Structures are given as structure tokens and as C-alpha cells.
Amino acid sequence: MYSKTPDYNLWPALVEKAYAKAHGCYDNLSGGWVWEGFIDLLGAPVEVIYLGNHLGPDELDLVWTRLTSFAQSGFVCGAACMVSDNEQGLVGCHAYSLLQCREIFEYVVKGEQKKMEVRLDEERSDERRQRA
């Protein structure tokens with residue numbers, strides 16, 4: 001777990017400290033899965049969707065529909081990748097917050113043009129810094 005806030009609030013650090021205390025110490029917080037943190041902190045049901053090259057166009061379309069539905073419903077969503085992808089700017093074994101789903105670039109499913117964007121937490125932090 002890692003917390004930060006652009007306006008120097010104290011509460012994220014207190015939540016982080018309480019979470020570490022509940023797990024014994026800060027060292028015990030290294031690693032884990034995004035969904036484990038959601039269960040611990042929110043106590044809400046969690047759904048895990050594995051993405052990868054094994055998904056065909058129909059499955060990708062279904063995943064996109066579900067992600068946009070989750071985002072529109074205000075669900076807390078997270079993501080992680082197992083390996084680094086320098087081209088996309090992703091760090092392996094790192095957790096990300098899914099902040100927004102918007103259609104921006106095109107792909108084809110069943111002959112129909114679709115657009116997709118998944119925006120991660122680092123991009124939002126950069127936007128906040130630029131506005132300040």
C-alpha cells in the first residue's frame with residue numbers, strides 16, 4: 001500500500017499506518033494483489049478479470065463493456081501488470097488505480113469500429129501538477 005495526496009492531507013498516512021499495524025508491520029505490506037487491498041480496506045465484494053493475449057475480440061468487447069459500466073457506476077477499480085512494458089510506461093508487479101474509461105483510439109470488433117482508453121493514476125497525478 002502506498003498513499004499520497006497533492007494537498008498534503010494527513011489522513012492517507014494514518015490509514016496506511018493503521019493498515020500496516022493490522023498486518024504486523026510495514027514490511028508485511030510489500031507485494032500482494034490489488035483485490036486483497038480492496039477486500040481489506042472496503043470490505044466489499046471483488047471481481048477479478050484476467051486480461052491477456054488469450055482473449056478474442058468478443059471477450060475483449062465484453063470486458064470493455066463491463067469496465068465502462070463499472071466506471072459509470074462509481075465502482076472502485078484497480079489494475080496490475082505482471083511484467084514491465086516500457087513502451088506503455090507500465091511497471092511490472094505494480095498496482096494502478098483505474099480512474100476513468102473513455103473511448104479514444106480505434107479497434108475493430110465484428111467489423112464495428114470501437115475506441116478504447118484506460119487511464120492510470122500516474123497520468124492523473126501529472127495533470128494535477130500541471131494545473132497547480
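Against the condition small (G, A, S) and either within 15 Å of the chain's Cα centre (by Cα) or surrounded by 10 or more Cβ atoms within 10 Å (Cβ to Cβ) (or both), how does S69 come out, does it pass?
Numbers: small (G, A, S): yes; either within 15 Å of the chain's Cα centre (by Cα) or surrounded by 10 or more Cβ atoms within 10 Å (Cβ to Cβ) (or both): yes.
Against the criterion (small (G, A, S) and either within 15 Å of the chain's Cα centre (by Cα) or surrounded by 10 or more Cβ atoms within 10 Å (Cβ to Cβ) (or both)), S69 qualifies.
The lone criterion from (1) of a type outside the set (D, E, K, R); (2) on the phi > 0 side of the Ramachandran plot; (3) touching a helix residue (DSSP H, G or I) at 6+ places or on another chain (Cβ under 9 Å) left unmet by F75 is number (2). Somewhere in region 39-59, is a residue loosely packed, with under 14 Cβ neighbours inside 10 Å and aromatic (F, W, Y)? The answer is yes, given that some residue of region 39-59 is loosely packed, with under 14 Cβ neighbours inside 10 Å and aromatic (F, W, Y).
Condition check ((1) in contact with a Leu (Cβ under 7 Å, 6 or more places away or on another chain); (2) within 29 Å of D7 (Cβ to Cβ); (3) modelled with pLDDT of 75 or more) across all residues:
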position	(1), (2), (3)
P45	no, no, yes
A80	no, yes, yes
I104	no, yes, no
R119	yes, yes, no
R129	no, yes, no
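The values are calculated or read from the model by the stated rules, or taken from the named source; none is laboratory data. Predicted, not measured: the structure shown is a model, and the values here were computed from it. Heads up, the Cβs are rebuilt from the backbone with ideal geometry, glycines too, and the neighbour counts pull from every protein chain shown.
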